[in-house]
Amino acid sequence: MRADDLVVLLEIARCGSLVGAASALGLNHATVSRRMSVLESELRAPLLVRGVSGCTLTDLGHSLLESCEQIESALTEVRDLASTTPRERELSGLVRIATTDAFGALFVAPLMAELHRINPDLLVEIVTQTRLGAYGIGADIEIGVGEPVVGRPGAEKLTDYRLGLYASDEYVSERGLPQTLEELAGHSLVYYIEGLLRVEDLDVLTRLTGRHQVTFGSTNVQVQTMATLSGAGIGLLPAFVAEREPTLRRVLASDVAINLEFTACLGPRRLRRPAAATVMQAIREMVVERQAELVPQW
């Protein structure tokens with residue numbers, strides 16, 4: 001039995017598929033499939049349940065994960081001890097981060113690009129989601145809106161962030177500005193699609209304006225921002241997005257300043273890739289350094 005075949009099994013558990021594991025390990029799909037077949041043959045028992053949408057581990061497969069992790073750690077330590085140049089001891093391997101589209105684009109992506117420049121063997125995957133799931137989605141790090149989900153051990157508050165109402169110069173010249181919250185009813189509003197909201201914390205427009213209808217809705221903050229810039233309406237936007245745009249101005253600044261929070265969670269220890277904890281600490285340090293963007297002092 002090859003010890004590194006157990007590392008392959010661990011990566012399949014992390015990715016949920018042979019293809020994902022092959023990509024993370026720098027192998028091809030056929031090689032991963034063959035090595036798992038050999039391992040199952042040697043153990044005389046199935047380790048994987050293969051399906052159309054991916055793979056799940058059998059009870060035996062799950063029971064091996066702790067041993068797989070120990071072998072991965074031992075192999076990593078051996079490689080580190082044998083390294084002859086500093087570069088070989090830097091961060092390496094895949095880290096998958098699930099986060100919101102705007103925070104991912106403006107905060108996580110630049111940080112990970114910097115880490116990758118310093119650590120060329122670090123592989124990065126960023127997928128978008130709005131909130132933390134109850135059981136995780138296979139990411140090493142998850143970042144979502146709202147308070148930690150019950151049942152997610154290890155979830156932590158990452159940072160507050162602030163939203164405000166914004167309008168473009170073009171919109172203001174055509175429609176003017178509301179002077180009260182009640183006058184918002186006479187204006188077009190840009191925000192999330194109410195029926196597709198998956199995070200209760202984001203349902204703030206209803207609390208502000210009653211049941212006023214969103215006239216331009218999107219599940220993507222970047223789309224909301226572009227619509228607001230293009231004059232589609234008054235957008236309820238994160239300050240860290242809107243304050244970057246010189247042609248957007250705040251609306252009802254003394255009435256609307258909404259605080260929400262981002263929550264972060266590392267994946268389960270046995271399924272967490274080695275570099276994840278270091279990357280998570282870098283994210284924590286980044287949000288501290290960039291608090292002025294996240295929570296401007298209005």
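Annotations for the structure displayed:
- If you plug the beta carbon distance of Thr278 and Val38 into 1/(1 + (r/R0)^6) with R0 = 41 Å, you get a FRET efficiency near 0.80.
- From its DSSP helices (H runs of at least four residues, each -39,500 (n - 2.57)), the chain gives a residue-normalised ellipticity at 222 nm of -11000 deg cm²/dmol.
- Kirkwood-type radius of the chain, with distances r between different C-alpha atoms, in Å: 21.6
- Computed from the C-beta positions of Thr58 and Leu81 and an R0 of 45 Å, the FRET efficiency is 0.85 to the nearest 0.05.
- Placing R0 at 25 angstrom, the Cβ-Cβ distance between Thr180 and Glu261 gives a FRET efficiency of 0.35 after rounding to 0.05.
- Spacing of the modelled spin labels on Leu208 and Val127, each 7 Å from Cα toward Cβ, amounts to 3.2 nm.
- Most mobile listed residue (Thr56, Thr130, Thr206) in the chain, GNM with C-alpha springs under 10 Å: Thr206
Read-outs: derived from the displayed coordinates by stated rules, not from any lab. Note that the structure is a prediction, hence the values are computed from the model and not measured. Please note: Cβ atoms are built from the backbone with ideal geometry, for glycine as well, and neighbour counts cover all protein chains shown.
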